[in-house]
Amino acid sequence: MTAIQTPPNRSKPPPNWDGSGTSRIPAWVYTDPDTYARELERIFYGPHWSYVGLEVEIPDAGSFKRTSIGERSVIMVRNRQGAISVLENRCAHRAMRFCQERSGKVKSFVCPYHQWNYNFDGQLLGVPFQRGVKGQGGMPEDFSLSDRSLTKLRTAIRGGVVFASFDPDVAPLEDYIGPQVLRYFDRTFDGRKLVLQGYSRQRIPGNWKLMMENIKDPYHPGLLHTWFVTFGLWRADNRSQLVMDAKGRHACMISTRNTVVDEEVAAVATSYRANMQLNDMRMLDIVHEPWWGDPTVCMTTIFPSVVLQQQVNSLSTRQIIPLGPGEFDFVWTHFGFEDDTPEMTDRRMRQANLFGPAGFVSADDGEVIEFSQQGFTQDKDFATLCELGGVGVGDADHMVTETLIRGMYRYWREVMDL
Amino acid sequence: MSADLALRLDLADLYAAYGACLDGGRLDDWPSFFTEDCRYRLVPRENHDRGLPLSTMDLRSRGALLDRVYGVKSTLFHAPYYQRHIIGPARVTGRDGDAIHSEANYLVIRTKRDAPSEVFNTGRYIDRVVRTAEGLRFTEKICVFDSELIPNSIIYPI
């Protein structure tokens, strides 16, 4: 008798997470390859919206931008009617990633291997020698161009920001983000025309979720980042609010700059430098913009793929592209508004010195993520302690809590079924 | 010796001293290679080629360079590393008034503790150089780098 062979699983079940809470996060969540494979399937290719870009990046018919959702290469392109499609960068013939330029303008997409030709909606327009040559060869009778389109993703645009999803059943973008966070999304992206100011790209040797955590962690900026602490841009004594969507996956950290330091904070945060003065103060030439209202900073995380930054006059989207459990690319797109004066553009560019891969503030975020990942790798039985402000999940009106991280993992455990 | 030849030798000395300063970790001396009203930019090539204004570093006076030095030494938490600059021969590309336009390729190799050396950042300097009482100084230095995907972070100047 022969044993019945069971089909191989696509991925092994990930390890077990004891208990039902999210205040102790096991190290394997950041390092296990099977867990990561499940994240790609259930999160990045599942019913979630991922950031692809800004409308202003593709101004004309045929303008495109290549990027990735999870590890799948996609292209955002504008068609002749002005609508935006997001297509998978994989030829339907032999899987070629036919688009290799990062951006540009084309008349149609042609895979160079065998010249299969697609329009901006991903439809296959033609294949060479479909009917053979001199009566010989060619495609079979039942070959149909319409069966061989590029994968076309669901697309949603709000306020000039483009999102896409591989899952046709994903909830509408507005429901996905939820009213609590959407309010702050709309604060920046209220329909004004955006202006593209440039990119920064970094490859960070850490798990992608650590960057989401970093922007859900109001505890660290007022300690690690001397510039934030000293100049009051982010400090534990600032008036602030933490807001989540109903599922706890997205969040906003909102705060108002404080120019007078609280004594208790100054005594604890050793990064506070009472006497620190800049030789060139123009980097902190902050001008209030009417659309801010009261808050001077709003950092938004839209799970799983993007951080939206307004920190005084500096604005960016920061895209997360995972590359295995231990690495991700982090792509910054800085922008302004069409009605910015040249002085405001200059100001945004000077304040950008605080951010990005060399930023006075952000460079060490990449560094600490790298070192956390090293720590997870060296001891798989470790679990983080994430209990500042308790073990529960809820909005807060102060910064001394890790509730947003616990909220994200509550959702993560649900969607990952772990 | 012709004036052209003398200029070439002076430029060669300037770039050699500049690289040696950074590779030697003498950060405090770095601003002294620049004039008071200088501009220093570190720019990904894609932004430069497309005319997009965003820089990775954008310092608009010697004071701002001093602030960067302070930031690196006293505020930025980072893994320490050595830099090694390999700078190609300078090419004079033009002049305006007293300023000399000069370009040179560069390659920066990074060596972190406990790790092999790696190509860290490569590109070209696009410079404006002026003669001062102390010798040639940069009044503008734009480092346009091909290595757009930065291996985590850039802490020290290039």
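The values are calculated or read from the model by the stated rules, or taken from the named source; none is laboratory data. Here the structure is a predicted model, which is why all the values come from computation and not from measurement. FYI the Cβ positions are ideal-geometry reconstructions off the backbone, even for glycines, and counts take in every protein chain you see.
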Do the conditions hold for A:ARG235, that is, is it within 21 Å of A:GLY359 (Cα to Cα) and part of a strand (DSSP E or B)?
no
A:LEU354 fails exactly one of (1) within 7 Å of another protein chain (Cβ to nearest Cβ); (2) touching a residue at least 40 places away in the same chain (Cβ under 8 Å), namely (1)
Might you let me know whether the range A:364-383 holds any residue that is in contact with a Phe, Trp or Tyr (Cβ under 8 Å, 6 or more places away or on another chain), closer than 14 Å to A:LEU315 by Cα and facing another protein chain (nearest Cβ under 9 Å)?
no
Hey, any hits in the range A:241-263 for a residue that's touching a Leu at 6+ places or on another chain (Cβ under 8 Å), assigned to a loop (DSSP other than H, G, I, E, B) and not small (Gly, Ala, Ser)?
yes
Quick one: count up the residues across the range A:97-119 that are closer than 19 Å to A:PHE166 by Cβ and in a loop (DSSP other than H, G, I, E, B).
3
If we ask which residues in the range A:341-387 are closer than 22 Å to A:ASP280 by Cβ and either modelled with pLDDT of 95 or more or not in a loop (DSSP other than H, G, I, E, B) (or both), their number turns out to be 21
With part of a loop (DSSP other than H, G, I, E, B), of a type outside the set (D, E, K, R), farther than 27 Å from A:ASP285 by Cα and more than 13 Å from every other protein chain (Cβ to nearest Cβ) as the only criterion, which of A:GLY407, A:GLY390 stands out?
A:GLY390
Filtering the range B:91-137 for residues that are over 18 Å from B:TYR40 (Cα atoms) and of a type in the set (A, V, I, L, M) leaves a count of 5
Any idea which residue in the range B:64-84 is surrounded by the most Cβ atoms within 10 Å (Cβ to Cβ), counting only those that are more than 10 Å from every other protein chain (Cβ to nearest Cβ) and not in a helix (DSSP H, G or I)?
B:GLN83
Contact list, first residue from the range B:89-102 and under 14 Å from B:ILE142 (Cβ atoms), second anywhere and modelled with pLDDT of 95 or more and small (Gly, Ala, Ser), beta-carbon distance below 6 Å, six or more apart or interchain, is B:HIS101/B:GLY94; B:SER102/B:ALA90
Restricting the range B:49-63 to residues that are assigned to a helix (DSSP H, G or I) and within 9 Å of another protein chain (Cβ to nearest Cβ), which is nearest to A:GLN197 (Cα to Cα)?
B:ARG50
